[in-house]
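Down below is the structure, laid out as structure tokens.
The values are calculated or read from the model by the stated rules, or taken from the named source; none is laboratory data. Only a predicted model underlies this, so the values are computations on that prediction, with no experimental measurement involved. Ligands, DNA and RNA are excluded from the accessible area calculation, which covers all protein heavy atoms including side chains. Shrake-Rupley method; radii C 1.70, N 1.55, O 1.52, S 1.80 Å.
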Amino acid sequence: MNKKLLLFDIDGTLLASGGAGIRALEAAATEQFGDGNLRGIDIAGRTDSLIARQVLVRQGLEATPERIAAFVDCYLGHLTTLLPQVEGHLLPGVVRLLETLKAREDFILALLTGNVARGAELKLAHYGVWHFFEFGAYADDHHDRNELGPAARTRAREIHGVDFPPERIYVLGDTPHDIACGKAIGARVIAVASGKHTRADLAAHAPEFIFDDLCNIAAVLRALGA
């Protein structure tokens, strides 16, 4: 059986955190630098490690690995506190789709996300869907999102002993950055207009498929060639 590798983004694709992510970033910037203003910093679709770099540069500091790690650790502490306090939710159709895909032998479900691994686990475990995913590629692997696709392929090969060709890899995400990182490895991209970007925004970056949400499971399966 030629299995397919499905790589899911998290924020805006699987869930809306109710602002917990951005509020945790602001709280970390306030705690470390006394300045929680993140206006002008590119956040949507970016990796946590790149966001940390941007915050440090704004403060006139060199973005050393140690400073990035300290900022991310501070962010994760605030995220842990905030997740139970805000009213986030899983996005429409997500649970039914994940249950359907997980029950099939021809799909491998994994993550390709700008979150660091611990942040991804915190969010997905809080909303009860962490267990659906075998592994992931995270901001811990690289600050450049376009480098996460190769990391995911390498991890899939290590775990499954299969070098998945691009035509059997699908990236599912809600931002132009998700589309770009999928195209960087030649994968097929399913864009979902469930985040901050409209269908028109996403269409401008030429994904193979665009859905308003993930409710139409039959249509998503057709897009996955199933």
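Observations on the model:
- For the range 1-59, accessible area per residue (1.4 Å probe, heavy atoms of protein chains only), Å²: 41 Å²
- Accessible area in the full protein assembly, largest first, 1.4 Å probe, for 138, 170: 138, 170
- Probe 1.4 Å, accessible area per residue of the range 79-226, Å²: 43 Å²
- Alpha carbon centroid spacing (whole Å) that separates the range 91-122 from the range 175-226: 15 Å
- The chain - share of DSSP beta bridges that are antiparallel (%, nearest 5): 10 percent
- Of the accessible area of the range 70-226, computed with a 1.4 Å probe over protein heavy atoms only, carbon and sulfur atoms account for 49 percent.
- To the nearest 10, the accessible area of residue 123 is 10 Å² with a 1.4 Å probe.
- Relative pair counts by distance (%), Cα atoms of the range 170-226, 10 Å bins: 27, 57, 16
- Prolate/oblate/rounded label for the range 96-226 (Cα gyration tensor, a/c 1.5): rounded
- Within straight-line cross-link reach of residue 183, lysines at Cα separation under 24 Å, skipping those fewer than 8 residues along the same chain: 3, 4, 196
- Percent RCO, i.e. relative contact order, over the chain, from Cα pairs under 8 Å lying at least 6 residues apart: 25 percent
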